[in-house]
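Undergrad: Before I ask anything, here is the structure I am working with.
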Amino acid sequence: MSTPRPSLTLSSTVIDAPDAARLADFYRRLLGWEPVQEEPDWVKLLPPGGGSGLSFQTAKPYEPPVWPAPVTSSGEQLMMLHLDFEVTDLEAGVAHAVAEGATPAEFQPQRDVRVLFDPAGHPFCLFVRDQVPGEEPPISPEWVAEQARDIRTQDTLAAEAATPDRREAAGTGEPGAGEGVPA
């Protein structure tokens, strides 16, 4: 007679990093998920609407994995897993990831998938489910850099628009007022 299998639910995938909070912040911005648990050296993010999340733990010393894996390993840390994210628009997904701090891998093994590295060096993939086989997505390193610059510029302009002018915040229209500089 076998013992019944207990109920198991995947709660989170845990990712090691040199700084858990910094890497969690990258994925928070990338995915739009919010932290539900923040401790020194540990952060857990969950997607809106529920489901399994991502957790990050500080691991010292941390060695980023080598990708793609060399034919023969000379003691380097090899990738043991990676995250796949489905996107509706591969070009826009890559540009967004780069704007948030990801780096495209030099080697791209498939036409309908883009491999990137997060700020800690973990590879992750973006893919489009309904990509027509054989069609090359029109993504060049130059295009990605241009899109990332545009996104960063938009974010900077939005942040500046949301920040009141120091003179207005001080209640005066005089330059330097409220800034510790004599008017």
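Undergrad: So residue 7 passes all but one of these: (1) out of contact with any helix residue (DSSP H, G or I) (no Cβ under 7 Å at 6 or more places or on another chain); (2) modelled with pLDDT of 95 or more. Which condition number does it fail?
TA: If we test residue 7 against (1) out of contact with any helix residue (DSSP H, G or I) (no Cβ under 7 Å at 6 or more places or on another chain); (2) modelled with pLDDT of 95 or more, just (2) comes out false.
Undergrad: Looking only at residues that are part of a strand (DSSP E or B) and surrounded by fewer than 16 Cβ atoms within 10 Å (Cβ to Cβ) in the stretch 101-119, which one is farthest from the chain's Cα centre (by Cα)?
TA: Within the stretch 101-119, the first condition is being part of a strand (DSSP E or B), and the residues that meet it are 103-104, 113-117.
With surrounded by fewer than 16 Cβ atoms within 10 Å (Cβ to Cβ) added as a condition, the list becomes 103, 113.
Working: 103: 10, 113: 16 Å.
Taking the candidates together, the pick is 113.
Undergrad: Additional query: Name the residues in the stretch 50-60 that are open to solvent by 40 Å² or more (accessible area, probe 1.4 Å) and in contact (Cβ under 8 Å) with a residue 40 or more places away in the chain, would you?
TA: Filtering the stretch 50-60 for residues open to solvent by 40 Å² or more (accessible area, probe 1.4 Å) gives 50-52, 57, 60.
Those that are open to solvent by 40 Å² or more (accessible area, probe 1.4 Å) and in contact (Cβ under 8 Å) with a residue 40 or more places away in the chain: 52, 57, 60.
Undergrad: Going through 84, 89 one at a time, which residue ends up being within 20 Å of residue 17 (Cβ to Cβ) and loosely packed, with under 15 Cβ neighbours inside 10 Å? Please lay out each step first, then the result.
TA: On the way: 89 fails: within 20 Å of residue 17 (Cβ to Cβ).
Just a single option satisfies the conditions, and that option is 84.
The values are calculated or read from the model by the stated rules, or taken from the named source; none is laboratory data. Computed from a predicted model, the values in this text were never measured in an experiment. Note that each Cβ is placed from the backbone with ideal geometry, even for glycine, and that neighbours are counted across all protein chains shown. Side chains are part of the model used for accessible areas, which takes the heavy atoms of the whole protein and leaves out ligands, DNA and RNA. Shrake-Rupley method; radii C 1.70, N 1.55, O 1.52, S 1.80 Å.
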